[in-house]
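J.: I'd like to ask some things about the structure below.
What follows is calculated from the coordinates using simple rules that are stated; it is not laboratory data. Given the structure is predicted, the values throughout are model-derived calculations rather than measurements. FYI the Cβ positions are ideal-geometry reconstructions off the backbone, even for glycines, and counts take in every protein chain you see.
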Amino acid sequence: MGESATLELKRSTGELREAQQTLCAFANGKGGSVVIGARPNGEIVGQQVSEQTFHEIAAARERFEPSIEIGIESVEVAAGRTAIVLSVASASHLVPFTSDGRAFERVGNTTRRMAQERYETLLLERAHSRRRWENQVVDEVTIKDIDRDEVFRIVAIIQSMGRLAGPIGKGLPDALDRLGLRKDGNLFRAAVVLFGKTFMPYYPQCELRLARFRGVDKNEFLDQRQLRGPAFKLLEEAEVFCQRHFPMPGKIVPEQMRRVEKPLIPPDAMREILVNALIHRDYSIAGGAVSLAIFDDRVEVWSAGKYPNGITPELLTRSHLSVQRNPIIADVFFRAGLIEKWGRGTNRVAEMCKDAGVAPPEFEEITGAAVVTFRVPVVAESRAESRAESRAESGLEPLQMRILALLRGDELSKSSLASMLGLSSITGQLNRAVAALVADELAELTVPAKPKSRLQKYRITAKGRAERTETP
């Protein structure tokens, strides 16, 4: 047992109630024992015990909610005198216990009534441990709606990490069982979040919203996307979006004769925050999503739902417990090597930012959402100097640099390039810039046999990717 207290039971109902309250406090903690028939100094003297004594103890046991197992042991210490030991074990999955409708806890060697706020928090945690959104069986989704290729792609990663011992076979049901995503052949909602193929109309919350805004507010989009998909693919989409829109500032180091580049935000730190948003968000909010917003002066990651009970924004950069709102989803990400389970993820993010000379992120709770903000210069302060330096290194004209930067993201037609460059039509200057990039083998035609095809698009070459460019 974790703790102990000594009480002498007389025929007084008051002292029996005190023993009952102490047992309740022990049940809400690490477990413990109450000795009836002992003096305050610890001397076991026993007392006269009758059938009525055990009736009273049995009646006291009925006053606990939820029901609690109380061990009863009687020890004869002298002729006609018996000590009774009442014991309770820790049962954290049933906490909080109440006695006569009141919850108690131990503080040092004393028993006191539990604060209402803590009692309500423990009640929520108890409900969450048993019945969570992620561990509910789905009726509207079958195993045919699960992306088999995605499941085995992640399984291969998990096996390479050594976090799934033994053979798994080729059957999709076996793989889902091994990942804890089914019960008695029925799929959990977590399986849809991680490996679903279709999300409408039942799972609209499996959404990722991506946006690059011009300036420091949301008045004008430079780029935006809204995607629904399995969690690992949403993570990859968010990382690609970051790569597309984050600048890669750097400087020439003379002694190294090359440009040393420094990421805007350490990639591992950015990934950690995105993963946290996906695994800790409140999926019970049907209209919720994970949002990545990039402004000129900052990067924000929003996830639906408040921080889990017991976690505050202030705690996230200090030592804190790992409190998981969606432990099944989190476990699959852990097995894939994308998180740890020690509550150090946000601390590691702060450390990585510090080592990279970047301000650590700010954690907030805003209108029912968890928000992480990186205060970083997405648009460099010395933009003109950066452009001049890039031109000097690459020999490209400004328009060519902007076209090449756009082609890094996708294959584009001239009309698409004109639109993205803010031109009203395909100009002669645009035609000349594209022709120069093709002549220099920095870009190439997607339909080379028909240069004037109406389906013609342009894509960047390996040589073009090696060029230093700046996103417009």
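J.: Assuming R0 = 22 Å, what is the FRET efficiency of Lys463 and Glu411, from their Cβ-Cβ distance, to the nearest 0.05?
T.: Between Lys463 and Glu411 the formula returns 0.85.
J.: Counting pairwise Cα distances across region 194-241, what percent come out greater than 15 angstrom?
T.: So the portion of pairs separated by more than 15 Å is 49 percent.
J.: Continuing with this model, one more query. What are the principal axis extents of the Cα atoms in region 207-374, in Å, biggest first?
T.: Reported extents, whole Å, longest axis first: 53, 37, 28.
J.: Whole percent per 5 Å bin, from 0 to the bin with the longest distance: what is P(r) over all C-alpha pairs of region 43-190?
T.: Pairs per bin, as whole percents: 2, 7, 11, 12, 10, 9, 8, 8, 9, 8, 6, 5, 3, 2, 0, 0.
J.: Still on this structure: So if R0 is 41 Å, what FRET efficiency would Glu18 and Lys306 give, r being the distance between their Cβ atoms, rounded to the nearest 0.05?
T.: Taking R0 as 41 Å, the efficiency between Glu18 and Lys306 is 0.60.
J.: For the chain, with the dipole built from +1 on Lys and Arg beta-carbon atoms and -1 on Asp and Glu ones, taken about the Cα centre, which of Phe363, Pro308, Leu176 lies farthest toward the positive end?
T.: The Cα lying farthest towards the positive end belongs to Leu176.
J.: Further, regarding this structure: Under 4 °C and 1.567 mPa s, how fast does region 37-121 diffuse according to Stokes-Einstein, given a Kirkwood radius computed over C-alpha pairs? Answer in µm²/s, whole number.
T.: 87
J.: Would you mind checking the tilt of helix 383-394 against the longest principal axis of the Cα atoms of the chain, expressed as 0 to 90 degrees and rounded to 10?
T.: Approximately 60 degrees, to the nearest 10.
J.: What dipole magnitude, in Debye to the nearest 20, does the chain give about its Cα centre under +1 on Lys/Arg Cβ and -1 on Asp/Glu Cβ?
T.: For this selection, approximately 1300 debye.
J.: Let me ask another. On a 0 to 90° scale, report how tilted helix 116-130 is relative to the longest principal axis of the chain, with both axes built from alpha carbons and the result rounded to the nearest 10.
T.: 70
J.: Along the principal axes of its C-alpha atoms, what lengths does the chain span, in descending order and rounded to whole Å?
T.: Answer, in whole Å and largest first: 111, 49, 41 Å.
J.: Bins of 10 Å, beginning at zero and ending with the bin holding the largest distance: percent of Cα pairs per bin for region 121-222, please.
T.: Each 10 Å bin holds this share of Cα pairs: 13, 33, 27, 18, 8, 1.
J.: At a temperature of 4 °C and a viscosity of 1.567 mPa s, determine how fast region 163-227 diffuses translationally according to Stokes-Einstein, using the Kirkwood radius over alpha-carbon pairs as Rh; express D in µm²/s, rounded to the nearest whole number.
T.: The calculation lands on 86 µm²/s.
J.: In whole Å and largest first, what semi-axes does the C-alpha gyration tensor of region 143-195 yield when each eigenvalue is scaled by 5 and square-rooted?
T.: Whole-Å semi-axes of the equivalent ellipsoid: 18, 12, 10.
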